[in-house]
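Contents: one structure, followed by commentary.
The values are calculated or read from the model by the stated rules, or taken from the named source; none is laboratory data. Being a predicted model, the structure only gives us computed values, none of them experimental. All Cβ positions, glycine included, derive from the backbone under ideal geometry; neighbour counts span all protein chains shown.
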Amino acid sequence: MTASLTAVVGRARKLYAVGYTRAEVLAAVFGADLPREMFVIAEELEADDETVGADLLPRLREVYRLVDPANEPYLRDRILQRCEETADARFPGTAMMLHLCADSGPRGYVAGYRVADLQAGRTTVVGFNRQVPPEEAQLKVLGTSMLDVLEAGARRHLDVLLMPPQTWEEIRYGPDRDDDIADARATLQRLEELRRKL
């Protein structure tokens, strides 16, 4: 997929205007039907973008939101747009969906699916580290589903917070450590609730 975000927004608006459903527009944009888990995750992040330790990438975010014609596109997130452009250039045939934040793993990765896997009904998640130069980025398998990847990251984050603090952790977390632990537990609980929705 190599269309610019502006072109994706224009196409999505036209398809919605003639009666396509959200699922149909997403399939047209990404080249395959998206798994149910992505609708559950996108719905959650649209309602509250701080609950599951990830951000929607711009194409998914815009197509998901534009089902409501009153919503205006947000085209100013150049950092995440560059992540999608890197994926287009380095990893053709992928459909990137999420940026995994610091409290989900693998930290700093851009994650999505191979289009061929989606077309075959598989939900294997692949991704690359956006914190390395684009020419050095490597695509790797992150898990068997996006919820698996998010839950594993949230568990790792909570495990780190529950370890006896070392000096650097005391500096990093300081007096907010208990709040961080509560937030990590809430993230994991919310992900478990999303899995039950499936």
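Quick check on my filter: what residues within the stretch 108-128 are in a loop (DSSP other than H, G, I, E, B) and modelled with pLDDT under 95?
The one that is in a loop (DSSP other than H, G, I, E, B) and modelled with pLDDT under 95: Gly108.
Considering the stretch 125-148 alone, what residues qualify as being surrounded by 12 or more Cβ atoms within 10 Å (Cβ to Cβ) and polar (S, T, N, Q)?
Residues satisfying the conditions are Asn129, Thr144, Ser145.
Looking at the structure I just gave you, is Leu191 part of a helix (DSSP H, G or I) and modelled with pLDDT of 90 or more?
yes
Would you mind finding the one in Thr21, Thr94 that is at pLDDT 95 or above, in contact with a Gly (Cβ under 6 Å, 6 or more places away or on another chain) and not aliphatic (A, V, I, L, M)?
Thr94
Checking Gly121 against (1) touching a strand residue (DSSP E or B) at 6+ places or on another chain (Cβ under 8 Å); (2) at positive phi; (3) of a type outside the set (A, V, I, L, M), which single condition isn't satisfied?
(1)
Residue pairs, Cβ under 9 Å, 6 or more apart or interchain, first in the stretch 3-23 and in contact (Cβ under 8 Å) with a residue 12 or more places away in the chain and under 13 Å from Glu72 (Cα atoms), second outside any helix (DSSP H, G or I) and of a type in the set (Lys, Arg). List them.
Close Cβ pairs satisfying both conditions: none exist.
Only one of (1) of a type outside the set (D, E, K, R); (2) modelled with pLDDT of 90 or more; (3) more than 15 Å from the chain's Cα centre (by Cα); (4) under 21 Å from Gly53 (Cβ atoms) fails for Ala184. Which number is that?
The failed condition is (2).
For Gln131, which of the numbered conditions (1) at pLDDT below 95; (2) touching a Lys or Arg at 6+ places or on another chain (Cβ under 8 Å); (3) polar (S, T, N, Q) fails to hold?
(2)
Would you check if Glu84 is in contact with a strand residue (DSSP E or B) (Cβ under 7 Å, 6 or more places away or on another chain) and in contact (Cβ under 8 Å) with a residue 60 or more places away in the chain?
yes
Out of Pro73, Pro58, I need the residue that is touching an Asp or Glu at 6+ places or on another chain (Cβ under 7 Å), within 25 Å of Gly19 (Cβ to Cβ) and either touching a residue at least 60 places away in the same chain (Cβ under 8 Å) or aromatic (Phe, Trp, Tyr) (or both). Which one?
Sole residue among the options that is touching an Asp or Glu at 6+ places or on another chain (Cβ under 7 Å), within 25 Å of Gly19 (Cβ to Cβ) and either touching a residue at least 60 places away in the same chain (Cβ under 8 Å) or aromatic (Phe, Trp, Tyr) (or both): Pro73.
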